[in-house]
There are 2 protein chains.
Amino acid sequence: MRVSAKSDYALRALIEMASRADGKAVSAEELGRLQEIPHGFLQAILADLRRAGVVISQRGQSGGWRMGRPATDVSVADVIRAVDGPLVSVYGLRPEAVTYNESAEVLQHVWIAARRSLRDVFEQTSIQALADGKLPKAVTSRTADEDAWQPH
Amino acid sequence: MRVSAKSDYALRALIEMASRADGKAVSAEELGRLQEIPHGFLQAILADLRRAGVVISQRGQSGGWRMGRPATDVSVADVIRAVDGPLVSVYGLRPEAVTYNESAEVLQHVWIAARRSLRDVFEQTSIQALADGKLPKAVTSRTADEDAWQPH
DNA sequence: GAGAAGTCGATCCAGACACTCGACTCCTCC
DNA sequence: GGAGGAGTCGAGTGTCTGGATCGACTTCTC
């Protein structure tokens, strides 16, 4: 259950992009400097996001990157899927694709429930919400409990 | 957000172990055969579970492995932590340990909420429940919706 | 009681894969 | 043209998965 550096970097870059209300393109170099992301790695991440239609690239001088669709329409789940594939996978397979023998097939239900649980959080959080610092109830209700912040 | 083979194998082996109501020890060779787990890999996984006190090993002829504490007291979360470390980590760091700059610090709340969300599922599901096929409400309520089974 | 057999325990090795990052090339606008 | 920037390619590193070997320990059998 680990979040890759790619997903984290992608989200941070998008937050920075969405904060530019003017809609001007931002260079990858600047994004990398603002969020301390290695330039080459960020380039590959932005390419993934471009293929998913999340961002648009513009070459040439005064070129750069900007949102491909409104930041309110891009969820955290969209970004993770574009950059890292399915939300949850069981060593390479999607939860609904893994096969177990009779005694272990209940495990599949657990993985499906886990994905459902993550979707509740990731699909209801948009990039715009992150840029504004206005988190949805799906997040705030789960972080209110102090126990949620203890190491687990 | 991927489940490693180690966690999956560990859970399958434990389900098989907990199904032996007689409390007799089961050899690693038999566990591996029943659940199609590579023998050497399973040996390493069982060693991790032993260090966590989840299982007990017995050498010698008619030796093998058995539960170290009641299967009702071992949750899926316990197993994942014993075998793969923290439930969710952001490229190596625990969610509460990652540091962001001002504009991105909201991301930490998202990761905390995600972990809280997973704990709701994994901590309420015991090995005994899996062995009996009697899943807790935390799981059944999330898998009831047909949409939960669609690829995401 | 001695030997044999079965089992865990630890270590090393290797291929595959993903992660991380830098260097170079090509395109676009001034 | 020239400069700034996207686009592509590839290398180094680490982790995951799996196999093999040798040693230690316990029980069973004769």
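Data table
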quantity	calculated
Matching option when the condition is closer than 30 Å to B:Ala5 by Cβ and touching a Lys or Arg at 6+ places or on another chain (Cβ under 9 Å), among A:Ala25, A:Ala44	A:Ala44
Residue match in the range A:5-19 (condition: out of contact with any helix residue (DSSP H, G or I) (no Cβ under 6 Å at 6 or more places or on another chain), within 13 Å of DNA strand C (Cβ to nearest atom) and under 15 Å from B:Asn101 (Cα atoms))	yes
Enumeration of residues in the range B:63-90 that are within 16 Å of DNA strand D (Cβ to nearest atom) and either touching a strand residue (DSSP E or B) at 6+ places or on another chain (Cβ under 6 Å) or closer than 19 Å to B:Gly23 by Cα (or both)	B:Gly63, B:Gly64, B:Trp65, B:Arg66, B:Ser89, B:Val90
Enumeration of residues in the range A:20-36 that are within 11 Å of chain B (Cβ to nearest Cβ) and within 13 Å of DNA strand C (Cβ to nearest atom)	A:Gln35, A:Glu36
Qualifying residue in the range A:61-81 (condition: more than 13 Å from DNA strand C (Cβ to nearest atom), in contact with a Lys or Arg (Cβ under 8 Å, 6 or more places away or on another chain), without any contact (Cβ under 8 Å) to a residue 60 or more places away in the chain and within 12 Å of chain B (Cβ to nearest Cβ))	yes
Criterion (more than 11 Å from DNA strand D (Cβ to nearest atom) and surrounded by fewer than 19 Cβ atoms within 10 Å (Cβ to Cβ)) met by exactly one of A:Gly40, A:Gly60, A:Gly53	A:Gly53
Residue under evaluation B:Arg119, criteria (1) over 20 Å from B:Val3 (Cβ atoms); (2) of a type in the set (Lys, Arg); (3) in a helix (DSSP H, G or I), criterion not met	(1)
Test: residue in the range B:83-90 that is in contact (Cβ under 8 Å) with a residue 40 or more places away in the chain and more than 7 Å from every other protein chain (Cβ to nearest Cβ)	yes
Qualifying residue in the range B:145-152 (condition: under 24 Å from A:Ile127 (Cβ atoms), assigned to a helix (DSSP H, G or I) and of a type outside the set (Ser, Thr, Tyr))	yes
Scope the range B:82-104; condition within 30 Å of B:Glu30 (Cα to Cα) and crowded, with 17+ Cβ neighbours inside 10 Å; matching residues	B:Ala82, B:Val83, B:Asp84, B:Pro86, B:Leu87
Residue under evaluation B:Val121, criteria (1) of a type in the set (A, V, I, L, M); (2) more than 7 Å from chain A (Cβ to nearest Cβ); (3) crowded, with 21+ Cβ neighbours inside 10 Å, criterion not met	(2)
Among the candidates B:Ala129, B:Ala138, B:Ala97, B:Ala77, residue that is more than 14 Å from the chain's Cα centre (by Cα) and modelled with pLDDT of 95 or more	B:Ala138
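The values are calculated or read from the model by the stated rules, or taken from the named source; none is laboratory data. Keep in mind that this is a model prediction, so the values were computed, not measured. Neighbour counts run over all protein chains shown; Cβ positions are idealised from the backbone, glycine included.
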